[in-house]
Amino acid sequence: MRDGDWVADTGTEIRGVLKVMVDAGWLPGGVAVVGTGSMWEFVAVGEIGTGLDGAPAAPDVYYDVASLTKVMATWPLVGQAVAEGLLDLDAPMSEYVGGGPYAGGAVTTRQILTHTSRLNPVTWLERYVGTEQDLIEAILLEPLEEEGHRYIDRGFILLGLLLERLLGEPLDRLAARVWRPAGMSATAYGPLPRTPSVAPTEQRIPGTAPTWGVVHDEAAALMGGVAGHAGVFSTATDLGAFARRLLLVHSGEDGPSAFARFVRRSWRPQVPVGEHYARGLAWLVTEEGLVYHNGYTGTSLYMHPETGRYVGLLTNAVHHGRRRTGLFDLRAAVRAAF
């Protein structure tokens, strides 16, 4: 199928599924960017939330991308640090963190990126509130779990903190230096103003305002909204720009570089996690070569390096509760389009 037809057909399919979800009251609305090369199309259905004067979903509306933070902020910063010789994927954390001994001191960046770190899978950070213990030390002191693949937020929390130490600046400033050259002028960590340009996430307590302009993830909120695993807000326009940039780097059209080698390595299977897909470095990789990552709030980014095609999906599916009805089917429809 020609690229133009694929973009149009995929956009139509996503629009139809989103409309069903909105009409059923499963989510207030959503936005998608569908593209390849210099061609892209935006799909916007519904509103940003209930009771907000009908503010429409649009390509320039900010959404809490949740765990897409892992691949939009932390992963590229790790790649840059590796490219510059500041970080070794296979060096133990103890090499970068003084003190110890730590149960997690032998954990490597590669293990964190492939979710095989054996770190505590429970993200809950409330236990450290009011203590004098540094969070890096607290995470590394926890006993390690059994070997195997297990999706763990704590590893990316650890990487975010480590990057700040290695590079000497807050994570949000470091990430901005990744985003701006890629043309991502809107992407940022929160807080953001509570306006019709920002989609609220969940109303946690009946009769109160929804979480709006501040991070939905509780652990990231305890960290001031800036963390390696969550906290980023972005738009469909910026998500498309991010996908374009990565696909360009992967193809080699941007020229050879250590970061390009890191991207290619990241998008190759590293650890099998299912019958038809594996974990690369941070990303999931299917046997058809599709590379993707999801975010809890209802966001996703899918790329197919061989064809240069991509779909970015932004919704606030948690707006009506954490069941996120219909989200699995929406993501399945996007995957099937490739």
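For the range 10-20, does any single residue satisfy the condition of being basic (Lys, Arg), assigned to a helix (DSSP H, G or I) and under 21 Å from the mean Cα position of the chain (by Cα)? Checking the range 10-20: not a single residue is basic (Lys, Arg), assigned to a helix (DSSP H, G or I) and under 21 Å from the mean Cα position of the chain (by Cα).
Of the residues making up the range 244-279, those that are within 12 Å of Ala83 (Cβ to Cβ) and charged (D, E, K, R) are Arg261, Arg265.
If you go through the range 95-133 and pick out every residue that is in contact (Cβ under 8 Å) with a residue 60 or more places away in the chain, within 13 Å of Ile157 (Cβ to Cβ) and among the hydroxyl-bearing types (Ser, Thr, Tyr), you end up with 1. In the set Ala332, Ala282, only one residue is at pLDDT 95 or above, among the hydrophobic types (A, V, I, L, M, F, W, C), outside the structural domain of Phe156 (by TED's automatic domain parsing) and assigned to a helix (DSSP H, G or I); that residue is Ala332. Restricted to the range 295-338, and to residues that are surrounded by fewer than 18 Cβ atoms within 10 Å (Cβ to Cβ) and of a type in the set (S, T, N, Q), which residue is nearest to Ser251 (Cα to Cα)? Within the range 295-338, the match that is nearest to Ser251 (Cα to Cα) is Thr307. Selection of the range 91-140 for residues being within 21 Å of Leu284 (Cα to Cα), hydroxyl-bearing (Ser, Thr, Tyr) and modelled with pLDDT under 95 yields only Thr123.
Of the residues making up the range 21-49, those that are of a type in the set (S, T, N, Q) and in a strand (DSSP E or B) number 1. Within the range 50-80, being surrounded by fewer than 21 Cβ atoms within 10 Å (Cβ to Cβ) and either out of contact with any strand residue (DSSP E or B) (no Cβ under 7 Å at 6 or more places or on another chain) or assigned to a helix (DSSP H, G or I) (or both) holds for Thr50, Gly51, Leu52, Asp53, Asp60, Gln80.
Taking the range 264-287 as the range and being in contact with a helix residue (DSSP H, G or I) (Cβ under 8 Å, 6 or more places away or on another chain) and of a type in the set (Gly, Ala, Ser) as the test, the residues that pass are Ser266, Gly280, Ala282. Residue count for the range 224-258, restricted to those that are of a type outside the set (Gly, Ala, Ser), over 28 Å from Ala57 (Cα atoms) and touching an Asp or Glu at 6+ places or on another chain (Cβ under 9 Å): 1.
The values are calculated or read from the model by the stated rules, or taken from the named source; none is laboratory data. Keep in mind that what you see is a predicted model, and the values were worked out from it rather than measured. Virtual Cβ from ideal backbone geometry, glycine too; neighbours counted across all protein chains shown.
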